[in-house]
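The values are calculated or read from the model by the stated rules, or taken from the named source; none is laboratory data. Not measured: the values here are computed from a predicted model. Cβ coordinates were reconstructed from backbone atoms using ideal geometry, including for glycine residues, and neighbour counts include every protein chain displayed.
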2 protein chains.
Amino acid sequence: MDALTRYLDENRDRFLDDLKAALRIPSVSAQPEHREDMQRCARHLADELKRIGMTRSEVRPTDGHPLVYAEWLGAPGRPTALIYGHYDVQPPEPLELWTTPPFEPTLRDGKLYARGAVDDKGQVYMHVKALEAHLKVSGRLPINVKIVFEGEEEVGSENLAKFLRAHRAELDADVIVVSDTAMPGPDQPALCYALRGILYTQIEVVGPAHDLHSGHFGGAVQNPANALAAILTALKDGDGRITVPGFYDRVQGVSAEERAMINRTLDEKPYLAEAGAPAPWGEKGYSTAERITIRPTLDVNGMWSGYIGEGSKTVLPSFAAAKVSMRLVPDQDPVELFPRFEAYVRKLAPPGVTVKVRDLHGGRPYLSDPKHPMLQAAVRALGRAWTKPPVMAREGGSIPVMETFEQTHGLPCILMGFGLDDDQVHAPNEKFSLSSYFGGMRSVAYLYEELAKSS
Amino acid sequence: MDALTRYLDENRDRFLDDLKAALRIPSVSAQPEHREDMQRCARHLADELKRIGMTRSEVRPTDGHPLVYAEWLGAPGRPTALIYGHYDVQPPEPLELWTTPPFEPTLRDGKLYARGAVDDKGQVYMHVKALEAHLKVSGRLPINVKIVFEGEEEVGSENLAKFLRAHRAELDADVIVVSDTAMPGPDQPALCYALRGILYTQIEVVGPAHDLHSGHFGGAVQNPANALAAILTALKDGDGRITVPGFYDRVQGVSAEERAMINRTLDEKPYLAEAGAPAPWGEKGYSTAERITIRPTLDVNGMWSGYIGEGSKTVLPSFAAAKVSMRLVPDQDPVELFPRFEAYVRKLAPPGVTVKVRDLHGGRPYLSDPKHPMLQAAVRALGRAWTKPPVMAREGGSIPVMETFEQTHGLPCILMGFGLDDDQVHAPNEKFSLSSYFGGMRSVAYLYEELAKSS
């Protein structure tokens with residue numbers, strides 16, 4: 001066992017205590033009463049990064065909660081990694097559903113329970129402790145490192161984007177490393193090389209000036225709820241393909257080899273069991289694994305109209321609305337697609353109603369080349385740290401901050417996360433498995449070494 | 001001017017005072033704190049009916065609020081009319097929107113403002129005072145009269161149905177008279193000879209066991225909101241015809257003559273203006289007037305699924321539901337149609353979801369023959385009382401109590417109401433125009449005379 005690995009092993013108890021100390025700070029970004037806690041948590045992290053030997057470490061103010069910036073740049077000629085994480089957490093409510101209090105981290109059965117345990121303080125601390133191990137064992141890091149830990153990930157990262165744009169040169173790097181994702185199982189690491197983008201809209205259908213008596217007006221004026229249903233239905237054809245003109249124009253083809261890899265990654269049975277869905281369903285000609293990775297989708301996320309209480313009310317509603325989001329794949333662009341979507345929805349609207357389409361938010365899809373030397377370095381690191389080599393994964397979701405990094409930096413990203421599906425992210429009894437914490441710590445410690453070799 | 005008409009004219013002030021006295025009793029059937037007021041109001045009415053000379057008048061208990069029964073049967077060989085009305089009123093809330101307090105009847109510009117002014121105490125008192133006029137002027141009525149004034153119309157008339165069934169023989173009559181509807185304008189009386197029935201359902205679509213992340217599961221499992229939209233859309237074809245198999249089987253044809261009359265009755269421009277709808281819309285091959293009278297309809301009354309708050313939430317909902325009601329025309333039968341509707345909706349459901357259809361309530365359509373001697377008597381009475389002959393109207397709505405009378409009695413009904421569209425029924429500042437009160441009173445007084453001639 002080398003000195004680095006030994007250091008990581010021998011200091012486990014303290015690494016756990018240090019994480020617990022950070023978890024005790026209720027850094028809830030959404031709740032104004034925790035403003036001071038946010039400052040305190042940023043300060044705590046900056047002090048910790050100073051203590052382990054980063055040459056620069058400071059709390060940087062923003063228009064909202066501060067972020068923590070740190071760097072160690074003592075490896076000229078070696079690559080520079082920009083490590084991103086966030087120290088803010090989701091609100092802990094409802095408190096009564098927690099087995100132990102959210103800000104009193106508690107160990108049970110090899111899992112650490114606390115708000116922020118996995119999202120994202122635990123994964124932030126994997127990096128902090130891996131950096132400590134290198135600095136203590138060798139007095140240096142194998143690569144140059146810049147760190148940005150933000151305090152507003154759970155509330156939209158608005159000020160992070162401004163900060164990244166304002167400090168573009170200062171934050172220049174060769175690769176971005178993010179640990180805020182999941183792995184398929186407790187002993188199966190993954191490297192995520194693609195995320196889907198998103199276009200999230202709201203369709204509003206207005207009919208009569210006010211709710212009408214369905215007996216006096218039903219059948220004689222257009223009903224906006226029926227009209228909305230017709231619009232939503234027409235957005236897909238019988239094969240589950242989205243009918244918006246030009247929607248698929250920029251969708252990249254995927255090689256047979258990659259499709260085969262994607263299909264090997266997903267075990268459909270436990271996936272459907274987790275969904276509690278009676279059967280798979282989706283676009284014709286594609287497998288479940290393909291549908292959630294390399295194909296765009298369209299889903300109603302919410303829908304409302306008229307009377308929704310108990311019993312019956314004979315109302316013809318004046319208004320109906322739906323939230324409709326599309327997941328996008330490379331090279332689809334939400335900015336290009338929104339006007340097409342809007343025009344198409346308006347065209348679908350039957351006579352007798354007026355339709356408004358709102359663009360609630362958008363994010364571009366993200367794709368790295370899995371064969372990129374930086375990503376291959378991550379593959380080697382994960383292979384060394386775990387009993388199995390990593391699966392190469394496309395994730396169906398979207399991480400808005402990746403879009404920001406892509407816009408400002410245009411760099412390869414390593415998405416190397418160690419959460420598990422049952423970690424109760426954003427819910428009561430959030431946890432982080434110690435096997436993920438320590439396995440992840442070893443993985444990122446090795447990643448710095450492997451990145452040094454890939455320059 | 002005959003003695004009857006003179007009596008009606010000379011006693012106007014007192015007839016107004018007597019109505020005001022009844023309106024001061026807050027007989028709100030839905031609110032338990034008014035239970036005593038309900039008793040008091042029933043007693044007040046029964047006493048009034050006794051005072052004017054009805055031979056029998058009593059408060060009859062039910063399992064809920066009491067009803068008032070009265071009779072005068074001193075005209076053997078003449079027809080018997082069963083007069084129906086209700087003394088209970090809707091809750092007056094929100095109180096702050098009333099110009100004058102709901103239970104302090106106030107006269108402004110020839111209109112009497114109070115909760116229950118038009119619905120239905122004012123129309124009940126038209127009958128009470130018309131009966132008084134006959135009894136005081138002639139010492140007798142031209143026909144036999146039985147009266148049922150119930151106290152639960154605003155809460156579903158459940159105990160009325162039981163009472164009618166239990167006293168079928170005692171309540172035997174030749175015609176039923178109901179004054180609880182509207183007239184097209186302040187000087188245009190109407191006789192309603194048809195009402196649509198109703199089948200009110202709730203469609204519930206269940207997909208995954210719980211809400212899912214739309215990034216991880218969107219496109220791979222069926223979305224119940226999209227599925228519901230598809231079901232709702234398939235319920236009508238491109239011509240606005242309902243696609244439920246057999247739905248139109250029992251729909252009666254209507255003569256060209258009647259269609260012409262129906263089309264003369266509706267002035268489409270003010271009708272659409274009242275709706276605030278940009279354009280008419282409905283089943284191909286029928287006019288607006290026909291669509292709301294002689295044709296069945298299907299409307300979404302309410303619809304809900306997933307996230308309906310501000311902004312965006314990337315959820316794939318586990319559940320979606322819609323309230324869907326159909327207005328029925330003779331001889332459609334909600335009891336026969338529900339299982340067909342249910343089976344069809346289940347058939348429309350795409351794979352990957354389960355669908356439940358609930359029957360929330362049903363009522364059969366109602367149709368009298370406008371040429372029936374009893375209805376022709378009403379036409380003559382209205383012609384005598386107003387400056388114009390009545391229009392013969394089919395109404396698009398449903399009056400559940402008519403369904404009850406039809407089931408228990410199977411008699412011709414005279415629906416002779418004097419409300420106006422702007423009477424604010426069920427809303428703050430409910431009113432009844434004095435021209436309707438006194439014109440209606442004269443109309444029903446003449447009706448008793450005309451019914452005597454039609455035996």
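Among the criteria (1) in a helix (DSSP H, G or I); (2) farther than 27 Å from A:ARG364 by Cα, the one A:GLU257 does not fulfil is (2).
Entry remark, segment A:294-311: residues being among the small types (Gly, Ala, Ser) and surrounded by fewer than 18 Cβ atoms within 10 Å (Cβ to Cβ) number 2 in total. Within the bounds of segment A:274-293, is there any residue that is surrounded by fewer than 17 Cβ atoms within 10 Å (Cβ to Cβ), on the phi < 0 side of the Ramachandran plot and of a type in the set (Phe, Trp, Tyr)? No, that holds for no residue.
Can we say A:PRO330 is surrounded by fewer than 22 Cβ atoms within 10 Å (Cβ to Cβ) and more than 10 Å from chain B (Cβ to nearest Cβ)? So A:PRO330 fits the description; yes.
Screening B:VAL357 against (1) more than 7 Å from chain A (Cβ to nearest Cβ); (2) surrounded by fewer than 22 Cβ atoms within 10 Å (Cβ to Cβ); (3) touching a residue at least 60 places away in the same chain (Cβ under 8 Å); (4) farther than 28 Å from B:GLU158 by Cα leaves a single unmet condition, (4).
For segment B:259-273, filtering for residues that are more than 9 Å from every other protein chain (Cβ to nearest Cβ) and surrounded by 19 or more Cβ atoms within 10 Å (Cβ to Cβ) leaves 2. Put simply, of B:GLY64, B:GLY77, B:GLY53 the only residue that is surrounded by fewer than 19 Cβ atoms within 10 Å (Cβ to Cβ), over 15 Å from B:VAL128 (Cβ atoms), out of contact with any His (no Cβ under 7 Å at 6 or more places or on another chain) and small (Gly, Ala, Ser) is B:GLY77. With respect to B:SER305, determine if the residue is of a type in the set (Ser, Thr, Tyr) and free of Cβ contacts under 8 Å to residues at least 60 places away in the same chain. Spelling it out, it is not the case that B:SER305 is of a type in the set (Ser, Thr, Tyr) and free of Cβ contacts under 8 Å to residues at least 60 places away in the same chain.
Counting the residues of segment B:317-360 that are more than 30 Å from A:MET326 (Cα to Cα), part of a strand (DSSP E or B) and not aliphatic (A, V, I, L, M) gives 4. Among the residues of segment B:333-354, the one identified as away from chain A (no Cβ under 14 Å), aromatic (Phe, Trp, Tyr) and within 19 Å of A:THR314 (Cα to Cα) is B:PHE341. How many residues are assigned to a strand (DSSP E or B) and of a type outside the set (A, V, I, L, M) when one looks only at segment A:179-197? Of the residues in segment A:179-197, 5 are assigned to a strand (DSSP E or B) and of a type outside the set (A, V, I, L, M).
The numbered conditions (1) within 29 Å of B:VAL355 (Cα to Cα); (2) more than 8 Å from every other protein chain (Cβ to nearest Cβ) are all true for A:GLY276 except (2). Within segment A:42-72, the set of residues being closer than 15 Å to A:ILE25 by Cβ, assigned to a loop (DSSP other than H, G, I, E, B) and of a type in the set (Gly, Ala, Ser) is empty. Among the residues of segment B:361-387, those that are assigned to a strand (DSSP E or B) and crowded, with 19+ Cβ neighbours inside 10 Å comprise B:GLY362, B:GLY363, B:TYR366, B:LEU367.
Sort through A:ASP237, A:ASP211, A:ASP187 and tell me the only one that's assigned by TED's automatic domain parsing to the domain that holds A:GLU403, surrounded by fewer than 24 Cβ atoms within 10 Å (Cβ to Cβ) and not small (Gly, Ala, Ser). Answer to the selection: A:ASP187. Selection of segment B:269-295 for residues being aliphatic (A, V, I, L, M) and over 19 Å from A:ALA349 (Cβ atoms) yields B:ALA273, B:ALA289, B:ILE292, B:ILE294. If you go through segment B:213-239 and pick out every residue that is outside any helix (DSSP H, G or I) and more than 8 Å from chain A (Cβ to nearest Cβ), you end up with 4. For segment B:296-316, the candidate set comprises residues that are part of a loop (DSSP other than H, G, I, E, B) and at the interface with chain A (Cβ under 7 Å from one of its Cβ atoms); within that set, the residue that is farthest from B:ALA349 (Cα to Cα) is B:GLY311. Apart from one condition, A:THR181 fits all of (1) out of contact with any Cys (no Cβ under 6 Å at 6 or more places or on another chain); (2) at pLDDT below 95; (3) more than 7 Å from chain B (Cβ to nearest Cβ); (4) farther than 30 Å from B:SER325 by Cα; the exception is (1).
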